[in-house]
Amino acid sequence: MYQTFEQPADPTAAKDKLTDLRRVMRAANVDAYLVPRADAHQGEYVAARSERLKWLTGFSGSAGAAVITTRKAAVFVDGRYTVQVGLETDASLFDAPGLARSKLVPWLTDTLKAGATVGFDPWLVTISDFERMNRELAAASIRMKPLARNLVDQVWGIDRPVDAAQPITVQPLKYAGEPAEDKIARVQATLKDSGADYAVLTQPDSIAWLLNIRGGDIPHTPVPLAFVILPATNKPELFITADKLTTESKTHLKALVKVQPPERLRDRLRACKQKNKVARIDTTSAAYWFARTLGARKNYVSGRDPCLPLKAIKNTAEIRGSRNAHLRDGAALVQFLAWLDAEAGKTEIDEITVVKKLEACRAETKALKEISFDTISGSGPNGAIVHYRVSAASNRKLKRGELLLVDSGAQYIDGTTDVTRTVAIGRPSPDMRTHYTLVLKGHIAIARTQFPKGTRGVDLDPFARRALWQHGLDYDHGTGHGIGSYLSVHEGPQSISRAGMVALEPGMILSNEPGYYKEGAYGIRIENLVLVKDARIPKGGERPMMSFESLTLVPFDRRLIDQSLLSADEANWINAYHKTVLDRLTDRVPGEARRWLTEETKPL
């Protein structure tokens, strides 16, 4: 539970691992081998035994891939990890660490000769990624070859962590808000309309939501690893390890599904194929293994996971739970920030102490189930690493005149939280205040916006960047992601980003988190979770407009706000937000924290 601070793998240890991997590559008769950061469910978070990329290269980020050839190797990441990958990998072993993921195929075509073979594990590459890569590589006369056994696992051997089955729990109806039987019926209705005979569900959070169950098979995310075959009529089949089932969960599931062992999945898919039944598969998230097993394309159609759009729109119970979770979480954050303000600069505090204190404040609520991800506690230059994770090796002491970026979240049975605050340790510099205020202006722009039906995240994303753009600045991550209800802290299909093509709808919960990162100096990010509210016609308007409700209740650092950069409307928004925070939390925090809260929420 909670966070560990073990040192990352020694980057130089990759040399011997690469030698061993190349040996088994020769035995498998492949010229290159693909090592994605993925598991069989293609989720963002994976169990320790699926951290193959980290074990091989040292890179610990949540997205990326390595390619190993007989002579060369490279690691490919996105914009969140360009700094981190350079720190965690050995540049003498990997070509240009930090290459964009879009450069993976061009790198292969430049490195390999015509007729070469790229081996990969069919469980670790999605159908759509395989189809794209295979098409592009084929143009250079390079072949992709699925292998029955993972080559990294062969090299990892007996040291590879075991798969520890965690018990399944039942999510109470008062928090789920809808019986699982009704959810199944709603999803089955969408299948009838799509022409598919059944859907294959591969994403654990979809399965957990659908069946009103929770688990603990991956860090910080309360889901069981499982697969489901969901027919348009009749009972679904749940493929899951029997050791995970408790007496309560067996009783709950008996009326909903037919429980099958995981090793039966291949046979059941083949049986469906033999009966000429057509599967619906989300090719963007389902492993290529499913396409291989089903064979000809006539046996399946590509379609979005049918649970995603339903799960994204929270019902009344889930919204109520999220509000309650944020009240509880906000009080914990206020206590933490009051402690930090009182102690920083007076006693020695380091990044790990910050993480532990914040966990302790949340644990004092007596409702904390888990943290929702490893806390990002980045002081000074570490704050500029977008997804920094403190370890015993990287741990820094907080220093006066620096910034501290803390991005953290909690898992409560009634909701999942995710909040980022950047705070000054001592007196901030003018540049810090300018950059912080520009980020805050972007945050306010999203929080205050009104938008019509059909508006997508891509339409709103520039609002958060405009103030930074005007100063020649930007950030290399999305502005907002969806979030689950006691599920994954990152949830689709909605987002506020350049890739956010899904229309926002009332009931969706997203993050609002613009940032700025000055490499080698500091990072700034300000994040609240927001709820999309029902459309209404504004006073004096003509068309219904949706808007956001800020769920997160945590003050901003007044020391970092340059009021000369704010408009009157922006200052009024901050004051109104701070008044809401004070009104809702003042009775939830003890004396010293209450006094701190009152001071920090005074009008600008």
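Per-structure values
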read-out	value
Residue 104 being open to solvent by less than 30 Å² (accessible area, probe 1.4 Å) and modelled with pLDDT under 95	yes
Segment 425-443, subset among the β-branched types (Val, Ile, Thr) and part of a helix (DSSP H, G or I), residue surrounded by the fewest Cβ atoms within 10 Å (Cβ to Cβ)	434
Single unsatisfied condition, residue 2 versus (1) of a type outside the set (Asp, Glu); (2) assigned to a loop (DSSP other than H, G, I, E, B); (3) buried (at least 22 other Cβ atoms within 10 Å of the Cβ)	(3)
Of the criteria (1) of a type in the set (Gly, Ala, Ser); (2) at pLDDT 95 or above; (3) closer than 30 Å to residue 37 by Cα, which one residue 302 fails	(2)
Members of segment 180-193 found to be crowded, with 16+ Cβ neighbours inside 10 Å and either in a loop (DSSP other than H, G, I, E, B) or in contact (Cβ under 8 Å) with a residue 60 or more places away in the chain (or both), listed by number	180, 183, 184, 187, 190, 191
Lone unmet requirement of (1) modelled with pLDDT of 95 or more; (2) part of a strand (DSSP E or B) for residue 462	(2)
Counted residues, segment 228-255 - those being of a type in the set (A, V, I, L, M), farther than 19 Å from residue 281 by Cα and either over 30 Å from the mean Cα position of the chain (by Cα) or not in a loop (DSSP other than H, G, I, E, B) (or both)	3
Matching residues in segment 144-179 - criterion: being more than 24 Å from the chain's Cα centre (by Cα), among the aliphatic types (A, V, I, L, M) and assigned to a helix (DSSP H, G or I)	151, 152, 155, 158, 173
Flag if residue 123 is part of a loop (DSSP other than H, G, I, E, B) and either touching a residue at least 40 places away in the same chain (Cβ under 8 Å) or open to solvent by less than 50 Å² (accessible area, probe 1.4 Å) (or both)	yes
Matching entry among 60, 141 (being open to solvent by less than 50 Å² (accessible area, probe 1.4 Å) and assigned to a loop (DSSP other than H, G, I, E, B))	60
Conditions (1) modelled with pLDDT of 95 or more; (2) in a loop (DSSP other than H, G, I, E, B); (3) over 27 Å from residue 470 (Cα atoms); (4) open to solvent by 10 Å² or more (accessible area, probe 1.4 Å); number of the one not met by residue 535	(2)
Of the criteria (1) at pLDDT below 85; (2) open to solvent by less than 10 Å² (accessible area, probe 1.4 Å); (3) small (Gly, Ala, Ser), which one residue 96 fails	(2)
Boolean, residue 155 is among the β-branched types (Val, Ile, Thr) and over 30 Å from residue 301 (Cα atoms)	yes
Residue in segment 242-250 that is open to solvent by 30 Å² or more (accessible area, probe 1.4 Å) and more than 15 Å from residue 168 (Cβ to Cβ) present	no
Considering residues of segment 65-83 that are at pLDDT below 90 and open to solvent by less than 10 Å² (accessible area, probe 1.4 Å) only, the residue farthest from residue 520 (Cα to Cα)	77
Residues (open to solvent by 10 Å² or more (accessible area, probe 1.4 Å) and either of a type in the set (A, V, I, L, M) or more than 30 Å from residue 214 (Cβ to Cβ) (or both)) located in segment 407-424	413, 423
From the options 348, 343, 402, 370, residue that is open to solvent by 20 Å² or more (accessible area, probe 1.4 Å) and closer than 30 Å to residue 174 by Cα	370
Test: residue in segment 198-219 that is more than 22 Å from residue 485 (Cα to Cα), modelled with pLDDT of 95 or more, acidic (Asp, Glu) and open to solvent by 10 Å² or more (accessible area, probe 1.4 Å)	no
Every residue from segment 274-288 that is part of a helix (DSSP H, G or I) and buried (at least 20 other Cβ atoms within 10 Å of the Cβ)	288
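The values are calculated or read from the model by the stated rules, or taken from the named source; none is laboratory data. This structure is a prediction, so every number in the text was calculated from the model and none was measured. FYI the Cβ positions are ideal-geometry reconstructions off the backbone, even for glycines, and counts take in every protein chain you see. Accessible surface is based on the protein model in full, side chains and every heavy atom, while ligands, DNA and RNA are left aside. Shrake-Rupley method; radii C 1.70, N 1.55, O 1.52, S 1.80 Å.
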